[in-house]
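One structure is given here, and the rest of the page talks about it.
The values are calculated or read from the model by the stated rules, or taken from the named source; none is laboratory data. All of these numbers come straight from a predicted model, not from anything done at the bench. A quick note on method: Cβ atoms are made from the backbone with ideal geometry, for glycine too, and the neighbour counts reach across all protein chains shown.
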């Protein structure tokens with residue numbers, strides 16, 4: 001370490017865990033990392049998958065933050081810890097929570113400690129489908145199109161639909177709720193010792209993509225828009241915010257309480273938060289018109305374009321276009337697939353049922369051996385399926401699937417849509433069905449690219465980020481073939497956390513703008529998948545069949561969708 005060395009911390013909250021990294025601001029080298037799996041979430045407490053209810057307790061977030069940061073600091077020693085200059089956070093979203101006037105999540109109060117409605121409503125919670133549909137119908141009655149910057153369709157995964165649902169179903173929570181706060185806004189507020197929710201600096205990223213905030217509206221839509229939808233929403237705009245902030249802005253300094261908990265100085269600057277994929281796009285060295293695809297349980301697809309290129313363009317059916325939501329001074333456009341890794345995990349769980357349920361009662365092997373065997377087999381299922389699927393010949397009439405196992409996010413959000421598999425026969429073994437599912441996720445990616453292009457926004461290539469991108473050559477090569485575009489894979493294991501670290505270096509004043517931090521702290525891509533042009537005609541025909549099957553599935557849902 002040189003005398004002038006400086007370091008920053010990036011914290012990335014995912015669906016299953018939180019990870020923290022310490023990064024050298026000069027080189028982007030990761031000095032330490034730590035991952036914490038949410039213990040309450042692992043037990044699926046406060047969740048009901050059959051009802052699409054997915055809630056997370058704030059204590060999982062707080063415990064994970066403290067433990068991962070301290071674990072990282074223990075790995076690097078006092079010299080590095082003493083030169084930590086900044087800390088920034090990204091989270092899933094829209095993942096909001098009911099808070100009191102002090103900005104405290106209600107689940108941290110004794111009377112609400114076990115109430116799921118007082119907890120963070122995870123992004124993939126779809127209990128607000130009815131409310132999203134009503135927002136879409138209601139918005140059509142106004143001269144101003146308040147949905148124009150979110151693709152024209154409001155989703156059950158987003159801020160206002162979730163708020164209205166919670167207010168309607170839980171009187172106790174409704175009475176105690178003063179405001180409604182995104183996870184990415186609450187953590188910086190917590191770290192800086194905030195005591196009044198009105199003082200919270202709200203993320204431009206979260207507000208613009210999920211809460212209908214726009215500069216052209218002077219902030220959020222007016223109270224009358226919401227109160228005329230349901231009187232329960234009356235007054236919320238006044239208790240929310242008018243101004244928003246990009247992530248190159250400081251939320252404040254680390255509070256004495258949290259400095260003591262983490263073992264850091266109160267001189268550490270904390271940045272305004274953002275969503276994981278948006279900071280991940282920065283960590284993955286996004287460039288204009290290259291789609292950054294963060295591939296985890298779902299995908300979140302981010303594209304940036306110069307503001308001048310987007311004048312007069314409103315892309316239909318995506319998850320928003322917001323000035324400065326990714327890189328300040330550029331338009332950030334978001335899309336995504338509601339289930340990606342979750343699709344493979346579902347199939348893995350389906351075929352692993354005997355391992356999970358029967359091995360524990362085996363009369364042949366002891367319990368310890370049975371558990372070890374189960375863990376070994378579970379770890380090999382997806383790699384073995386991939387190898388077997390890769391060996392299958394291309395067949396236009398093979399099994400076909402639609403990837404809407406958790407609804408459809410983009411294009412044209414509709415969370416009531418379901419996945420489908422067709423063309424099954426007695427020869428449809430596990431590798432063949434897995435291939436159909438892999439194709440479906442790649443076709444879902446293609447539908448997003450085609451929507452951008454049909455709306456006049458070019459897509460020149462993909463940047464792959466996340467676990468699936470790094471671990472599944474089979475799926476990545478198939479995606480390159482389906483899209484007929486190259487896919488570059490970013491080497492950093494915790495790319496979203498790296499993006500948060502780049503913003504931390506910016507808010508700490510080490511770099512004047514995040515583009516400079518990207519240039520200094522980024523690295524080379526470690527792999528590129530180039531499309532096999534010989535497969536283009538085959539996948540064109542299969543993609544048309546996917547579209548036809550999707551159209552059939554969608555028609556069965558007419559009259560029930562949250563977009564109707």
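Before moving on, here are some points about what is shown:
- Flag for residue 28 being under 20 Å from residue 296 (Cβ atoms) and either in contact with a helix residue (DSSP H, G or I) (Cβ under 9 Å, 6 or more places away or on another chain) or not in a helix (DSSP H, G or I) (or both): no
- Checking 443, 434 one by one, the residue that is assigned to a helix (DSSP H, G or I), within 26 Å of residue 318 (Cβ to Cβ), within 29 Å of the chain's Cα centre (by Cα) and in contact (Cβ under 8 Å) with a residue 24 or more places away in the chain is 443 and no other.
- Answer from 103, 93 - the residue that is within 30 Å of residue 32 (Cα to Cα), outside any strand (DSSP E or B) and in contact with a strand residue (DSSP E or B) (Cβ under 9 Å, 6 or more places away or on another chain): 93
- Checking 359, 426, 355, 373 one by one, the residue that is over 32 Å from the mean Cα position of the chain (by Cα), crowded, with 17+ Cβ neighbours inside 10 Å and farther than 21 Å from residue 546 by Cβ is 359 and no other.
- So residue 89, is it surrounded by 18 or more Cβ atoms within 10 Å (Cβ to Cβ), over 21 Å from the mean Cα position of the chain (by Cα) and modelled with pLDDT of 95 or more: no
- Taking the conditions (1) touching a strand residue (DSSP E or B) at 6+ places or on another chain (Cβ under 6 Å); (2) part of a helix (DSSP H, G or I); (3) at pLDDT 95 or above in turn, residue 237 satisfies each one other than (1).
- Filter result for the condition that a residue is buried (at least 20 other Cβ atoms within 10 Å of the Cβ) and in contact with a helix residue (DSSP H, G or I) (Cβ under 8 Å, 6 or more places away or on another chain), over 8, 35: 8
- Filtered residues of the range 3-26 (kept if within 20 Å of residue 268 (Cβ to Cβ) and modelled with pLDDT under 95): 3, 4, 5
- The set of residues in the range 106-149 that are in contact with a strand residue (DSSP E or B) (Cβ under 7 Å, 6 or more places away or on another chain), touching a residue at least 60 places away in the same chain (Cβ under 8 Å) and more than 20 Å from residue 207 (Cα to Cα) comprises 106, 116, 127.
- Pairing each residue of the range 63-89 that is assigned to a loop (DSSP other than H, G, I, E, B) with any residue that is crowded, with 23+ Cβ neighbours inside 10 Å, provided the two are 6+ apart or on different chains, yields C-beta distances under 6 Å for 83/7.
- Condition check for residue 229: assigned to a loop (DSSP other than H, G, I, E, B), surrounded by fewer than 22 Cβ atoms within 10 Å (Cβ to Cβ), in contact with a helix residue (DSSP H, G or I) (Cβ under 9 Å, 6 or more places away or on another chain) and modelled with pLDDT of 95 or more: yes
- Of residues in the range 150-165 being surrounded by fewer than 24 Cβ atoms within 10 Å (Cβ to Cβ) and either in contact with a helix residue (DSSP H, G or I) (Cβ under 7 Å, 6 or more places away or on another chain) or not assigned by TED's automatic domain parsing to the domain that holds residue 216 (or both), the one farthest from residue 207 (Cα to Cα): 165
- Across the range 288-304, a minimum of one residue is classified as at pLDDT 95 or above and surrounded by fewer than 18 Cβ atoms within 10 Å (Cβ to Cβ).
- One residue stands out among those in the range 504-556 that are touching a helix residue (DSSP H, G or I) at 6+ places or on another chain (Cβ under 6 Å) and assigned to a loop (DSSP other than H, G, I, E, B): the one that is farthest from residue 24 (Cα to Cα), which is 532.
- The set of residues from the range 103-124 being within 23 Å of residue 408 (Cβ to Cβ) and touching a helix residue (DSSP H, G or I) at 6+ places or on another chain (Cβ under 7 Å) comprises just one member, 121.
- When residue 328 is tested against (1) at pLDDT 95 or above; (2) within 25 Å of the chain's Cα centre (by Cα), exactly one condition is not met: (1).
- From the options 410, 343, residue that is touching a strand residue (DSSP E or B) at 6+ places or on another chain (Cβ under 7 Å) and part of a helix (DSSP H, G or I): 343
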